[in-house]
Amino acid sequence: MRLMRLGVILLFAAGVAAMFVPSRIAAGAAQETAQAQQPIRVQVNLVNLFATVRDKHTKRVVTSLEQNDFKIFEDNAEQKITYFSRDSTLPITLGLLIDTSGSEQFTLPAEQEAATRFLTTVLRKNDLAMVMSFDSDADLLADFTDNRNTLDRAIQRARINAPSAQGPLPSNTPGTVFYDAVYLACHDKLADEAGRKALIILTDAQDEGSRLHVQDAIEAAQRTDAVIHILLIGDPYHFAVNESVAKKITDETGGRTIVVNNEKKLEAAFQEISDELRSQYTLGYSSGNSARDGAYRKIKVEATQKDLEVLTRRGYYAPKN
């Protein structure tokens, strides 16, 4: 399965890279000259973006746009789009994170049922998913797999404030380690994966006890090209949700925060995320800034039609020598 999945991703990468590979003209005649000269190295910073477009008024996902319907800006400088695709078959690597702190006690059963149906709907051939829970620890319940039964069992094993299994992702900090869990999911799990990557997090976005900060979690997602969607859910009678933190994380990574306060809205929210994951555009450009300084660069993607909203990550970190 991993080999088949890698083949699909490599075909995508080869399609992008082919645009920058020079043809071998007069190779025999040039070989002797090339040996006598210093080699010339051309470094191209190719940036790939996955974007979802919605109508600002109807909120419907728009899937019929062409390359010239988009504009990309990096640090306010417009960039030339060199790759464009509406292909929705590129595999998805998905992380499902479930908040199992006390504030989710009365909503967890509904979350588990909806999450199980969501994975059944969204996952296709060559897709992979993992399941994590977090409260005072981040616990990996199922590593990346395409086995639906394994994923379903992992979702059902999530328990409120359950003792940690001390698996691959322990945190050992009292409270609710929301930021640590996001960082670990991105930095330790998604970093080695390729293609489209997303986290779906069911939480009230309250953090109590993480060793890391919200910006650390965001940076980890940006460095691994992971989109984060947060379904903001909690016990409305006893605990407040932190919508500002949730929106900060999702806005910076190209995802969405959806406030959920009943089971019907939970189902609808999962459906919206499913539609977006299967209706993305792939955009690529060669950065006009060739400096390999590891600096953060801001990205803005606009649709030429003003009544459309584009969701994509807001920046990336340049490569560093």
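Karplus-derived 3J(HN,Hα) values for the range 141-152, using 6.51 cos²θ - 1.76 cosθ + 1.60 with θ = phi - 60°, are 8, 8, 6, 4, 7, 10, 7, 5, 5, 4, 5, 4 Hz; glycine and proline are entered as x. Scanning residues 5 or more positions from F106 or on other chains, none has an amide H under 5 Å from its amide H, with H placed 1.01 Å from N in the peptide plane.
Hey, if you drop one equal point scatterer on each alpha-carbon of the range 264-321 and run the Debye formula without solvent, what base-10 log of I(q)/I(0) do you get at q = 0.18, 0.24 Å⁻¹? At q = 0.18, 0.24 Å⁻¹ the computed log10 ratios are -0.83, -1.05. Heavy-atom accessible surface of Y285, to the nearest 10 Å², is about 0 Å², with a 1.4 Å probe and all protein chains retained. Taken over the range 185-321, the percentage of Cα pairs per 10 Å bin, counting from 0 up to the bin with the maximum distance, is 10, 37, 35, 14, 3, 0. With the convex hull of its Cα atoms as the shape, the range 89-148 has an orientation-averaged projected area of 4.2 nm².
Between N76 and K265, what is 0.36 nm times their sequence separation minus the Cα-Cα distance? Round to one decimal in nm. Between N76 and K265, full extension yields an extra 64.3 nm. Compared with the alpha-carbon gap, the fully stretched path from T58 to R153 is longer by 30.5 nm at 0.36 nm per residue. For the set E243, E104, the ranking by accessible area, highest first and with no ligand, DNA or RNA atoms included, is E243, E104 under a 1.4 Å probe. The phi-based Karplus calculation (6.51 cos²θ - 1.76 cosθ + 1.60; θ = phi - 60°) puts the 3J(HN,Hα) values of the range 260-276 at 10, 10, 7, 5, 4, 5, 5, 4, 5, 5, 4, 5, 4, 5, 4, 4, 5 Hz, whole numbers, x for Gly and Pro. What FRET efficiency do you get for K306 and H213 if R0 is 30 Å and r is their Cβ-Cβ distance, rounded to the nearest 0.05? Between K306 and H213 the formula returns 0.25. Summarising the label geometry, the points placed 7 Å from Cα in the beta-carbon direction at K125 and D235 lie 4.6 nm from one another. Residues whose amide H comes within less than 5 Å of that of L141, counting only those at least five positions distant or on another chain, are V131, M132, S133 (H built at 1.01 Å from N in the peptide plane). Were the residues from K320 through D251 laid out at 0.36 nm apart, the gain over their Cα-Cα distance would be 22.3 nm. Only Lys, Arg, Asp and Glu carry charge here, each on its Cβ (+1 for the first two, -1 for the last two); on that basis the range 218-321 has a dipole of about 520 debye about its Cα centre.
Dipole of the range 198-321 computed with +1 at Lys/Arg Cβ and -1 at Asp/Glu Cβ about the Cα centre; of I228, A205, I273, farthest Cα towards the positive end is I228.
What the Cα atoms of the range 211-281 give is an Rg and a Dmax of 13.2, 41 Å.
The values are calculated or read from the model by the stated rules, or taken from the named source; none is laboratory data. All of these numbers come straight from a predicted model, not from anything done at the bench. So basically every Cβ, Gly included, is an ideal-geometry build from the backbone, and we count neighbours across all protein chains shown. Note: areas computed on protein heavy atoms with side chains; ligands, DNA, RNA excluded. Shrake-Rupley method; radii C 1.70, N 1.55, O 1.52, S 1.80 Å.
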